[in-house]
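Okay, so here's the structure we're looking at.
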Amino acid sequence: MVLTGLVKKPNLSPDKINLSTLKGEGQLTNLELDEEVLQSLLDLPTWLAINRVFCNKAAIRIPWTKLKTHPITLTLDKVVMEMSTCDEPRPPNGPSPIATASGQSEYGFAEKVVEGLSLSINSIVIRISAKAFNASFELSQLQVYSVNTSWNPSDLRFTRIQDPQRGEILTFKEISWQMIRIEADAIQSAEHEMLSAPIRLITNQSKIRVTLKRRIKDCNVVASKLILILDDLLWVLTDSQLKAMVQYAKSLSEAMEKSAQQRKSMATEDQVSSTPTSAQQVRTQQTPMAADQSATMAKLFSAYDVCETSHHLQITHLDLHICDDIHTTDKGINNKRITGGAMQLSFNSITLDYYPFHRAGDSCVHWMHYSEATKTREVWAKSLLDEFKSSMEMLKSAARDQQGPGSGRSSPQHGNRIIYSDIIYESVNQHVQITSFSPPPQTPKTHLMSSSIVLRMADFSIYQVSTADQRRSSPKTMISCNKKSLYLPPEMPAIHVEFTEYYFPDGKDYPIPCPNLYAQLNALQLVLDPRSLVWINLFALDLRQSLEQFMEIYKLNDSQKPDEHVDIKVDGLMLKLVVPTDSDASCPADLPRSISIQSSEMVATNTRHPTYCTRSHLQALLQAFEEEVFFSTSSNAFPRSSSSIPIIHPVFQRHAKEEDTKQQEICRGLVVPTMCTDALKTPAATDVWALHFSQFWVDYEATRGGKGRPQPFVDSFPLTVWACQPAKLVQHEEKLRSSAGSGLSRSTSSEAVARLQRKRLLKEYYSTESAPTSSQSKNASLPHSNGLHEPPSLDSLRSSASPVSVSHRQYVFLMHLQRSLKALQQTLQQDLEEMDHQPFTFCLGLLLKSAEVSLFLKPLPQSEGSPLGSELSPSESRATLEPADSGDGVEKGHEGSGSEGGANKQSVDQLLCGDGPEDEARPGLAPLTFFPRPRLYIMNAAVFLTAGGESQSASAHGPHRPEVQARLESGPCAAAHSPLAERNGFLQLRLHGYHASFLMSTLRNLSLFMEDDSASQVLPMEICVRDTHIDLKDDGPRDNTTDGEPTPITLHVDSLVVHRRDDGSFSFGGDILSFSSARYFRLHLSADSPLNQMFLLPNFCLNLFAFICSDNN
């Protein structure tokens, strides 16, 4: 009975059978197994088909006297299986062989014996023929046996749990093998010349754990759980092998997608329901002992119950090495910048879960590895489903209005009940009607289902690219997880990703929600290593080019496939971005080596459900931008130009007013309201992204002066960014207009719009009237962050400006970092151009209500008294004062009062207020040294940045009557100013109505502050100064202390124009200076002059004026 179902009937002959009935032993040779039975037994996907299965020898052993406790043993020597892929899904698998053998009878003794079968195969060879490649799988020492709940071989009576009240039984199986060898190679033909390297993978011992839940009355499988467990894996792939993997996967993607859709449409209620059977199958008469035993079995059954079908993959550790194939001539890239590069990827505790039949809206608490991340995703997904239900009501109304009055009414007994979580709809001839009564039991039910894929990684590290010419050292990480250093819980995953799709199990053509993707990133750190970025960029471009060629050869181009919208939300906790500069041995030891950009919490989404990412927040932000003339679309005044892209794009305005939804397209007649599957789906071109950081800050890192501790650069502040893609939206709207001819008539559309607007107003009125307190509390809970959420203005930021601190060493580091990033950008751009890729264009608008920039200058000794109060920063940072012989001293003075070993340190507050340790004279303390901190306050600043290809431009200005206006251009657009400007850029700066007071020592120290050992590039510029008043106070040492305070020098610049040409020379011209006659002269500066370093600061002119005044006096 065991072999007759597997072996083909014509293949059985007396010469192939050797049977000893009394001994319970038998042997068969040269068998050909039945393909369809094996397909049903293995439950293969319909994109795979078994063509032939051959076995050279099979032996069976039956323990006649111990069938209840010992399994039947079936041993196969060598099995060869030939399979092929199907372009179109084949017919679905038949019923279970066990159910077929039992004749759909109740699960009894015979079924227990068959299901307890133990299978052992010495060698299995599986050959798969696909459209673009051939693959083979070789397994050795494969064993299938029954296990108990602890996954150990045991008595057959302990390998199953039966619950008579439920009418179900659980059985446990384990499949193990010693080794698996996987090979894949491309199909070579005269028509297609493909350079593809064979792929090979060898794994060690692995196993699969299977839990089956059957119905007792007919032996059908209700649900199953399959867990594939792999131990440590080490895989070395060359770039050509990785290309081949991607190409093979792409060739199978279409067939696999069709098969998945077929599987979903053929899903039955049995696969998605775990409700107990009716009370008729439960025995009514039970003794007290039997009742206790039944309760114990029910409790045990619930502990190991399989609520729904699921498949799982667990990998303990995976080491993946990707390296260049230096022995193969690559036709994609002619001149690689980095040859012989290799990258190592290490992953720990990887789990991949697949739940194909989950009811939408149901709890996921029974899922494996259920955690807080899954709980957070559940709340977000429920809000998406609630929004979809509301859209369904509006779609029903629009469809009913289109058909005319009375068309929505129908008899419920002629339709199917559609269940979206807790709401039941009735579908009749494409018309939908919501019901509030319980339908008759004979009405068929259809539940909205979902299939989910969950990926978790406990920890991982992606190392920087290493080459043969580098010094041998331990690899440095590029992307890693900092859970241990941040003392986060060890059970918290580094990455958690969930992707969910929705469908109806009977293939019903009815509206379904958009798929959604949720990701959680915890304590990740990314290091922008230039060498690695260049190598990855070249690798990705080459991979994309080879994939495009492969798709063109095999006609796999899916450009006609629409890019559908996916609801996405990404949560981040303690994310860190490290931007290092080029390491140079000549750099001072106390120079910072990198800056770190960090955030405590982050959320990125294209939905409007998370806090701070709603349409009301976007509307408040747009209102703040619209108040600035600088961002007006009709303004072309300097620093804007006629070619500037409008930052307040209509996409944002339509999205804030909810005018870009599917309902609005239906109301405007662009889309006909239908009840098909894609009725409420939107294209990805309409996505508007929101990125919110609760706290965002920047630090300097790797400085010897800071003793390894990071030093603050920009204090923490909240940040919100909104982004869209107008180019894709334009293409989508053109398609809509082309198909709008078959839409609604204008009169019908306007009537539908009016009805929907009236319903929306009534809904909003009653919702706000019934719960006014909740609305007020919600608005009150909004934090006074950066003001983007506080209409109608951004004045709330003015009281909490984020200070920016820069010392001389840090300024030198920032200049080095700027040059490194510019060189990296040019390298990446050149690689893109060589691969014929279109340049990426973007436009960025930034609005600051206030900001504070502090510059730490060289220390100034003070003979007596305390530092001038006007020089102290109003920020609450605790700067310390050092002895005068402490070298540069700035980095040490910036550590703060919490630093250790402060025997010779005093805070500014102690010195000013007399809080020191009893004002004693301490040995070794030099005369008081003060670090001047000039402050630059920026009020109502607006910045506009555009970049595309080689052209870049940036503009900035102050409030409505700006004091400072600047425009920086580079690329081909700047060639109109000077030939050098195309490469180095061109700066236009205007100071109008600027009033300020400065100390002479501060201005003199600014030139020292700007010193940089490296030679800077010449930046052509034009500076225009008008109606500017500068008060200069001489605070230098005086020979005679009895002299009074010097009279401040007042400098009034009515009109002055400064030009810098390509040769580095400066030309000055203007009308009349208040203290002397007009001057026109030229000044030529060398590239390494301190003044040459100041071209990016408006204080450049002020230093020059101070120099002129000191000469006249």
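Structure values in brief
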| item | result |
| --- | --- |
| Residue ID - farthest from the chain's Cα centre (by Cα), chosen from residues in segment 1054-1079 that are of a type in the set (A, V, I, L, M) and at pLDDT below 85 | A1078 |
| Residues within segment 360-382 that are part of a helix (DSSP H, G or I), open to solvent by 20 Å² or more (accessible area, probe 1.4 Å) and within 19 Å of M449 (Cβ to Cβ), tallied | 2 |
| Residue count, segment 14-37 (criterion: modelled with pLDDT under 80 and open to solvent by less than 30 Å² (accessible area, probe 1.4 Å)) | 1 |
| Qualifying residue in segment 54-70 (condition: assigned to a strand (DSSP E or B), among the basic types (K, R), touching a residue at least 40 places away in the same chain (Cβ under 8 Å) and open to solvent by 30 Å² or more (accessible area, probe 1.4 Å)) | no |
| Residue pairs meeting the criteria (Cβ under 8 Å; at least 6 apart or on separate chains; first closer than 19 Å to S805 by Cα, in segment 589-603; second among the hydrophobic types (A, V, I, L, M, F, W, C) and part of a loop (DSSP other than H, G, I, E, B)) | P592/A702; R593/A702; S594/A702 |
| The lone exception for I666 - which of (1) modelled with pLDDT under 80; (2) open to solvent by less than 60 Å² (accessible area, probe 1.4 Å); (3) assigned to a loop (DSSP other than H, G, I, E, B); (4) among the aliphatic types (A, V, I, L, M) it fails | (3) |
| Of residues in segment 151-182 being among the polar types (S, T, N, Q) and surrounded by 15 or more Cβ atoms within 10 Å (Cβ to Cβ), the one modelled with the lowest pLDDT | Q165 |
| Matching residues, segment 624-642, being touching a residue at least 60 places away in the same chain (Cβ under 8 Å) and open to solvent by 70 Å² or more (accessible area, probe 1.4 Å) | E627, V629 |
| Residue check for N416: at pLDDT below 90 and within 30 Å of A260 (Cα to Cα) | yes |
| Residue count, segment 223-245 (criterion: touching a Ser or Thr at 6+ places or on another chain (Cβ under 7 Å), open to solvent by less than 40 Å² (accessible area, probe 1.4 Å) and within 30 Å of E168 (Cα to Cα)) | 3 |
| Any chance S40 is open to solvent by less than 50 Å² (accessible area, probe 1.4 Å), at pLDDT below 80 and either closer than 27 Å to A130 by Cα or in contact with a Pro (Cβ under 9 Å, 6 or more places away or on another chain) (or both) | yes |
| Counted residues, segment 141-191 - those being aliphatic (A, V, I, L, M) and under 39 Å from the mean Cα position of the chain (by Cα) | 7 |
| Which numbered condition S644 fails, given (1) touching a helix residue (DSSP H, G or I) at 6+ places or on another chain (Cβ under 9 Å); (2) in a loop (DSSP other than H, G, I, E, B); (3) at pLDDT below 75 | (1) |
| Selected residue (only one of V651, V672, V688 is closer than 30 Å to Q731 by Cβ, among the β-branched types (V, I, T) and modelled with pLDDT under 80) | V672 |
| Criterion: closer than 27 Å to Q314 by Cα and touching a residue at least 40 places away in the same chain (Cβ under 8 Å) - qualifying residue of E138, E174 | E138 |
| Index of the failed condition, A702 passing every other in (1) at pLDDT below 85; (2) out of contact with any Lys or Arg (no Cβ under 6 Å at 6 or more places or on another chain) | (2) |
| Tabulated pairs, segment 1043-1060, first closer than 20 Å to K1033 by Cα, second assigned to a strand (DSSP E or B) and hydroxyl-bearing (S, T, Y), C-beta under 9 angstrom, 6+ apart or interchain | P1048/S997; L1051/T1028; H1052/T1028; V1053/T1028 |
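Per-residue answers, yes or no, for (1) of a type in the set (G, A, S); (2) touching a Phe, Trp or Tyr at 6+ places or on another chain (Cβ under 7 Å); (3) within 12 Å of T500 (Cα to Cα):
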site: I350; (1), (2), (3): no, no, no
site: P356; (1), (2), (3): no, no, yes
site: R359; (1), (2), (3): no, no, yes
site: C364; (1), (2), (3): no, yes, no
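The values are calculated or read from the model by the stated rules, or taken from the named source; none is laboratory data. Please read these numbers as outputs of a predicted model, since none were measured by experiment. Cβ atoms come from the backbone with ideal geometry, glycine included; neighbour counts cover every protein chain shown. All accessible areas refer to the heavy atoms of the entire protein, side chains included, with ligands and DNA or RNA removed. Shrake-Rupley method; radii C 1.70, N 1.55, O 1.52, S 1.80 Å.
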